[in-house]
Amino acid sequence: MYVYSLKEVSLIVGGLPLEEQIGSITITPQAKRIVPKVGVDGTVTISVNEDKSCIVKVTCMQSSQVNAALSGILKVAENSPAGTLGIVPLMIRDRQGITTFAALNAVIMGWPEQKFEAEAGDREWEIFAADPETFVGGN
């Protein structure tokens, strides 16, 4: 029997552990790593795409303190020369398994869309991760 819990997934951005109050984390590669090409005679050639970059989407409630932490990192980026101080390490790890995602160079891409309605809503942050190391394992 296996057990999965989002509460056992570590999210660390810029050295700040943001494990509480996360609704979801989605990691989307920006390119296929292996690209096959089939010739007219049926022969296949594969090319290895060196682009390992990913977009990481972090969703949390608008009341979550995660918003304040990510806002602080983005503000530092906006107020530093060419945004260089906004380039931070990013790590995601399932502590009940062996799935890991780590990038030394990640940057928050901008402010989340904000809605103010009768009920609390979500905020979705997008983080660009350059050249991450990824391992998808079970738990």
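The table for this structure:
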quantity	calculated
Hits in the stretch 65-95 (condition: of a type outside the set (Val, Ile, Thr) and assigned to a loop (DSSP other than H, G, I, E, B))	Gln65, Asn79, Ser80, Arg95
Where a residue in the stretch 96-116 is assigned to a strand (DSSP E or B) and its partner, wherever it lies, is of a type in the set (Phe, Trp, Tyr) and exposed (fewer than 14 other Cβ atoms within 10 Å of the Cβ), with Cβ under 6 Å and at least six apart	Thr100/Phe135
Selection from the stretch 12-33 of residues that are without any contact (Cβ under 8 Å) to a residue 24 or more places away in the chain and in a loop (DSSP other than H, G, I, E, B)	Glu19, Ala31, Lys32, Arg33
Check on Gly14, more than 19 Å from Pro132 (Cα to Cα) and either of a type in the set (S, T, N, Q) or out of contact with any Lys or Arg (no Cβ under 6 Å at 6 or more places or on another chain) (or both)	no
Residue count for the stretch 97-114, restricted to those that are surrounded by fewer than 20 Cβ atoms within 10 Å (Cβ to Cβ) and within 25 Å of Lys52 (Cβ to Cβ)	9
Lone unmet requirement of (1) surrounded by fewer than 11 Cβ atoms within 10 Å (Cβ to Cβ); (2) of a type outside the set (A, V, I, L, M, F, W, C); (3) touching a Cys at 6+ places or on another chain (Cβ under 8 Å) for Glu117	(3)
Looking only at the stretch 16-37, and only at residues there that are under 20 Å from Thr99 (Cβ atoms) and among the small types (Gly, Ala, Ser), the one that is surrounded by the most Cβ atoms within 10 Å (Cβ to Cβ)	Gly23
So Ala130, is it at pLDDT 95 or above, within 30 Å of Tyr2 (Cα to Cα) and among the hydrophobic types (A, V, I, L, M, F, W, C)	no
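The values are calculated or read from the model by the stated rules, or taken from the named source; none is laboratory data. Note that the structure is a prediction, hence the values are computed from the model and not measured. Every residue, glycine as well, gets a Cβ built from its backbone with ideal geometry; the counts of neighbours run over all protein chains shown.
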